[in-house]
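S.K.: Please see the structure below; I have some questions.
The values are calculated or read from the model by the stated rules, or taken from the named source; none is laboratory data. As the structure is a computational prediction, the values presented were derived from the model and not from experiment. Glycine also receives a Cβ, built like all others from the backbone with ideal geometry; neighbour counts cover every protein chain displayed.
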Amino acid sequence: MASETIPVRTIAIPASDLQEIQRNAWGRAFKPAELELDGQIYKADFGLRGGHTRNYSKKSYEVRLQDGRTLHWNAEYDDPSMMRNALSFHFFNKIGVPSPETTHFWLVINGEPQGVYLEIEAVDKLFFQKRRIGYRSLIYAVNDSADFSLTDPVSKGAKPSLFDGYEMMQGKKGTKTRLVSFIQNLNRLSGRRLGSHIARRLDVTQYLLWLAGAVLTGNYDGFDQNYALYEHRITGKYRIIPWDYEGTWGRNCYGKPCGSNLVRLQGYNNLTAKLFTYPFCRRKYRSIVKRLLRTAFTAEKLQPVINRMHRRLSPAIRSDYTRKASYDTFLSEPAFIRHYIEERRQILQQALRKWE
């Protein structure tokens, strides 16, 4: 059975509503549905989610339960392993960057099997409550304008607004103004004044730890989008949470092999560049990366996690005829990811020796 080793999620929704949702790939409509989850029936709203993946034959979904929970159901259509998001968030949690929890499951809609999906915890109020993290605001970086610069990445001119690329999820009056002010001063100030500004408004150590995680996993799209910012309630400083790590561990966001050297040691975006003008930040970051290469980012640490996840998924993937990649490709993915880890370690160790 496909569901021997992973749980089953069942959606019941009027056929006409399901057709309407699936027919309009870029629609934002949500329709009432019933979700069977862990033996319980919940009322929910059901709709599509995703970016370019909305045009795929296998859709990704969002489920909004009446109890306040939001579930992101990713088809992971481009990832032959179905593991890259889950492995990345596992890694971030292990190194101390709070990240979404994940669960692989078998989806059934109106009695019809839809194959294997990945359930990703939403970064929302419940995310912070679960971890007992106090926060003042929550902002999503939704496109590549969220690079902390003054320049629009497409037009190369000045951004119409320094809030371009961001979406405020939670916050009160002043949330947008504070982020715009942070970006303005980041680009206007220099020297000690800039250093003081950054230290006052950014949790530098946490940011550098997140940066190291993005660099190690090789997420090229993770530096100027696909993250969440929140203001820590006690300190008032910005902290960062990773999001959308399907294009990692040696494959890009379309599932194509991209090599182990796609992402440079220093990562990308304007905030990172400003931080690395200060010797203290460079030393701090070097120390973090060296420590992770010695401890968390090794084949010995990660291979058991990969193998366990792969074994659990294997019966379901074998029965899932909705996948783009073949089952043989899935079987080869643990070796592919291990090769990435080993090669990535060598690349970064060499880069550390060269970087002043």
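S.K.: Does the range 34-50 include one or more residues that are within 15 Å of Asp244 (Cβ to Cβ) and either over 16 Å from the mean Cα position of the chain (by Cα) or not assigned by TED's automatic domain parsing to the domain that holds Asp244 (or both)?
M.R.: Of the range 34-50, the ones within 15 Å of Asp244 (Cβ to Cβ) are 49-50.
Then keep just the ones that are either over 16 Å from the mean Cα position of the chain (by Cα) or not assigned by TED's automatic domain parsing to the domain that holds Asp244 (or both); that gives 49-50.
Within the range 34-50, one or more residues are within 15 Å of Asp244 (Cβ to Cβ) and either over 16 Å from the mean Cα position of the chain (by Cα) or not assigned by TED's automatic domain parsing to the domain that holds Asp244 (or both).
S.K.: To continue, here is another question. Surrounded by 15 or more Cβ atoms within 10 Å (Cβ to Cβ) and either touching a residue at least 40 places away in the same chain (Cβ under 8 Å) or touching a His at 6+ places or on another chain (Cβ under 6 Å) (or both): is that true of Lys324 in this structure? Outline the logic, then answer.
M.R.: Values: surrounded by 15 or more Cβ atoms within 10 Å (Cβ to Cβ): yes; either touching a residue at least 40 places away in the same chain (Cβ under 8 Å) or touching a His at 6+ places or on another chain (Cβ under 6 Å) (or both): yes.
For Lys324, the condition - surrounded by 15 or more Cβ atoms within 10 Å (Cβ to Cβ) and either touching a residue at least 40 places away in the same chain (Cβ under 8 Å) or touching a His at 6+ places or on another chain (Cβ under 6 Å) (or both) - is met.
S.K.: Just checking, does the range 279-302 include any residue being surrounded by 15 or more Cβ atoms within 10 Å (Cβ to Cβ) and in contact with a Cys (Cβ under 9 Å, 6 or more places away or on another chain)?
M.R.: no
S.K.: Something else about it: From the list Glu333, Glu300, which residue is free of Cβ contacts under 8 Å to residues at least 40 places away in the same chain and assigned to a helix (DSSP H, G or I)?
M.R.: Glu300
S.K.: Hey, among Asn93, Asn143, which residue is within 16 Å of the chain's Cα centre (by Cα), surrounded by fewer than 21 Cβ atoms within 10 Å (Cβ to Cβ) and not in a loop (DSSP other than H, G, I, E, B)?
M.R.: Details: Asn143 fails: not in a loop (DSSP other than H, G, I, E, B).
From the options Asn93, Asn143, the qualifying one is Asn93.
S.K.: A further question on this structure: Hey, can you tell me all the residues within the range 96-113 that are assigned to a loop (DSSP other than H, G, I, E, B) and in contact (Cβ under 8 Å) with a residue 24 or more places away in the chain? Steps first, please.
M.R.: So in the range 96-113, the residues assigned to a loop (DSSP other than H, G, I, E, B) come out as 96-101, 110-111.
Once the filter is applied, which keeps residues that are assigned to a loop (DSSP other than H, G, I, E, B) and in contact (Cβ under 8 Å) with a residue 24 or more places away in the chain, the range 96-113 yields Gly96, Val97, Pro98, Ser99, Pro100, Asn110.
S.K.: Out of the residues in the range 5-43 meeting the condition of being assigned to a strand (DSSP E or B) and of a type in the set (Val, Ile, Thr), tell me which one is farthest from Val63 (Cα to Cα). Let's see the steps before the verdict.
M.R.: Of all residues in the range 5-43, those assigned to a strand (DSSP E or B) come to 8-12, 31-37, 40-43.
Subset that is of a type in the set (Val, Ile, Thr): 8, 10-11, 41.
On the way: Val8: 15, Thr10: 12, Ile11: 10, Ile41: 13 Å.
Ranking the candidates gives Val8 first.
S.K.: Does Asn85 satisfy the criteria of being assigned to a helix (DSSP H, G or I), under 25 Å from Glu246 (Cα atoms), modelled with pLDDT of 95 or more and in contact with a Leu (Cβ under 9 Å, 6 or more places away or on another chain)? Lay out the reasoning, then the answer.
M.R.: Values: assigned to a helix (DSSP H, G or I): yes; under 25 Å from Glu246 (Cα atoms): yes; modelled with pLDDT of 95 or more: yes; in contact with a Leu (Cβ under 9 Å, 6 or more places away or on another chain): yes.
Yes.
S.K.: Restricting the search to the range 136-158, which residues are free of Cβ contacts under 8 Å to residues at least 12 places away in the same chain and on the phi > 0 side of the Ramachandran plot?
M.R.: Result: Lys156, single match.
S.K.: Here is a list of conditions, (1) on the phi < 0 side of the Ramachandran plot; (2) touching a helix residue (DSSP H, G or I) at 6+ places or on another chain (Cβ under 7 Å), and Ser161 meets all of them except one; can you say which number that is?
M.R.: Just one mismatch for Ser161, condition (2).
S.K.: Answer yes or no as to whether Leu292 is of a type in the set (A, V, I, L, M, F, W, C), within 23 Å of the chain's Cα centre (by Cα) and part of a loop (DSSP other than H, G, I, E, B). Talk me through it step by step, then tell me what you get.
M.R.: Numbers: of a type in the set (A, V, I, L, M, F, W, C): yes; within 23 Å of the chain's Cα centre (by Cα): yes; part of a loop (DSSP other than H, G, I, E, B): no.
Considered against the rule, which asks whether it is of a type in the set (A, V, I, L, M, F, W, C), within 23 Å of the chain's Cα centre (by Cα) and part of a loop (DSSP other than H, G, I, E, B), Leu292 comes out as no.
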